[in-house]
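Everything on this sheet refers to the single structure shown next.
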Amino acid sequence: MAFCTGCSLLCDDIVVDLDGGKIGKTMNLCRKGHAHYSSISSGRLTPSVDGSEVGVEDAMMAAAEVLAGADNPLLFGWGGSTLEAQRAGVDLAKKLGGAIDDPSSYSQGLITEKIIAGDLPTCTLDDVRNFADVSIYWGDDPSSSHPRHMSRFSYFPRGEKRQRGYEEDREAIVIDVRKSPTAQIAADGFFKITPGGDGAFIEALVASLAGKIPKVEDKKRMLNLGTKLRKAKFGAIFTGQGLAHSLRGDLSGFVSLVGKLSEITRFSVIPTLGDYNTRGFNQTLFDETGHVNSVTFKDGVRHGQEFSIARLLDSCDAVMVVGSDPAAALPAAIAKKLAKAVTVAIGSHRNMTTDFAKVSVPMAVAGIEAGGSCLRTDGVRVEFDGLVGSDHLSDVDIIKRIMEAV
Amino acid sequence: MISVMEVYQLLPKTNCKRCGLPTCMAFAVALISREKTIEDCTPLLEEAKYEKKLAGLRELLAPILSADATETGMVIHPEKCYGCGNCVVACPVNVASDPKGTAIGRGPVSGKAILMVEDGVVKCVNVDECRRFGPEKVLCNACIATCPSKAIEFI
């Protein structure tokens, strides 16, 4: 059985035919995972400095030179890196006295921080499969982003206490601004809200749970939802970027709602994270500093929005991006600042960020070409080996080599 | 899904019984379930006045007669499939025959599964185990109802 590092579900039931050391027919991989596996033979990054191809060792030395010469470096990415590489990355940031951040600073970092800190109750996806009778997808569309989420864990499978399957034993509720593919499966359980309307929905739901009349158009439906949640035996809330962006950093209402639900019955929150090891980075940095992202080691450990990539690009003089493509994900105005910065990109494939990087260093694809360990989106530790041989160095080897040379 | 009335409208509607069935409506049902072929309706083939109807009927039934359709009439549109495996896990036949695999959300392990995901796209195998197979068929729709992208249909 092979592992898939295509998304944060880390499916471990993959069957791959290895045809002379190459990837052949695959079983059980979703379309996203299959594309991830197929991609190892195309679009790979080549080592380069200032646009000219060089040897890997020279590229790593050039990367070390850029970082050593910077007063205020930012180490960004890490969601697509193994736990070992993330650990080395935190050590490198400490050594450089630089800042370290990951894409969770502009997505679900706050929710993950509350979960890791114990302010929001959580459970594993296996608990969801075995016990959950209500799954709420809030601002989250796993059918599109994590295709096997519903079939492996959250809605369709049979589990220990859920022997009769989705038709009788489980309920899917989707709260979203559009009728996403996940909402289509939920059918009657879909609650359409206006963009930014999550706060109002939380208030209405809290009122409904307390038996008060909620201030929404369809009062009866909201009261029914409240009753349904009160009657649930084990509920799971899967949060997506939609919820994180809509609440604009103020999670107090959401935390209080989950608290109220937990008083009635067991409710857990699991974020649906994008990169395969975003949760791993958040946990690694939290264990080290007490914060999940946006930390600087310059003059002690400091944390704040001002150390996130979106704000720090104004003041940092070098950026190292590891296994990520912030140029594609960030708004154009901020991506432009990144394009102007002196950038070192470490990645497995060519992307927008590597295209304008001063130095690029190719790495092996974890889970296919290199082994390691990582944390699933629910925090479960997973260890894996490489499947095929590769000429590329693993991410941890590259970070350690750069650290030696700095 | 092709309706019986659509097929009936393209038949001679004379109830001549030459196909061996009592009415053209019965023949339309037999055509859809693939118990009869268009060639069994001799007037339609021999008489020039039915030329247009024959062409229309061939066009209408093309999906049923194509190699893509399984014997149960299932057509998978690979370009729409996400490979999510919802159908694999929801399929009652898979659940009953593969309790340690598809029933608990994992890939099939028993070899008796009728739906599985190969190279990122769902594939139908062991079709004779499907509830829609054969004369005693049940119109089960678990694989269609659970598909987020409408990649599966029955014709």
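The values are calculated or read from the model by the stated rules, or taken from the named source; none is laboratory data. Every value quoted in this text rests on a predicted model; they were computed, and no experiment measured them. Here the Cβ is made from the backbone with ideal geometry for all residues, glycine too, and neighbour counts use every protein chain on show.
Here are a few things to note about the model shown:
- For region A:4-56, residues that are β-branched (Val, Ile, Thr), within 19 Å of A:Thr377 (Cα to Cα) and without any contact (Cβ under 8 Å) to a residue 40 or more places away in the chain total 1.
- Checked against (1) surrounded by 15 or more Cβ atoms within 10 Å (Cβ to Cβ); (2) assigned by TED's automatic domain parsing to the domain that holds A:Ala327, A:Asn28 passes all but a single condition, namely (2).
- Qualifying residue in region A:75-89 (condition: touching a Cys at 6+ places or on another chain (Cβ under 6 Å) and closer than 30 Å to A:Phe254 by Cα): yes
- For region B:65-73, the criterion of being in a helix (DSSP H, G or I), out of contact with any Gly (no Cβ under 6 Å at 6 or more places or on another chain), away from every other protein chain (no Cβ under 11 Å) and under 30 Å from B:Leu45 (Cβ atoms) is met by at least one residue.
- In region B:28-64, of all residues being β-branched (Val, Ile, Thr) and under 19 Å from the mean Cα position of the chain (by Cα), the one that is surrounded by the most Cβ atoms within 10 Å (Cβ to Cβ) corresponds to B:Ile32.
- Contact annotation: residue pairs with Cβ atoms under 6 Å, 6 or more positions apart or on different chains, pairing a residue in region A:128-144 that is away from every other protein chain (no Cβ under 14 Å) with a partner that is hydroxyl-bearing (Ser, Thr, Tyr), are A:Trp138/A:Thr239.
- Whichever residue in region A:301-348 is small (Gly, Ala, Ser) and under 19 Å from A:Leu92 (Cα atoms) and, among such residues, is farthest from the chain's Cα centre (by Cα): A:Ala318
- Any pair with Cβ under 7 angstrom, 6 or more apart, that starts in region A:181-196 at a residue that is without any contact (Cβ under 8 Å) to a residue 40 or more places away in the chain and within 13 Å of chain B (Cβ to nearest Cβ) and ends at one that is surrounded by 20 or more Cβ atoms within 10 Å (Cβ to Cβ) and among the small types (Gly, Ala, Ser): A:Phe190/A:Ala183
- The residue list A:Gly249, A:Gly259, A:Gly253 contains one member that is touching a Gly at 6+ places or on another chain (Cβ under 7 Å) and either assigned by TED's automatic domain parsing to the domain that holds A:His149 or assigned to a strand (DSSP E or B) (or both), which is A:Gly253.
- The strands (runs of 3 or more DSSP E) found entirely in region A:123-196 that carry 3 or more residues being buried (at least 23 other Cβ atoms within 10 Å of the Cβ) and not charged (D, E, K, R) are A:134-138.
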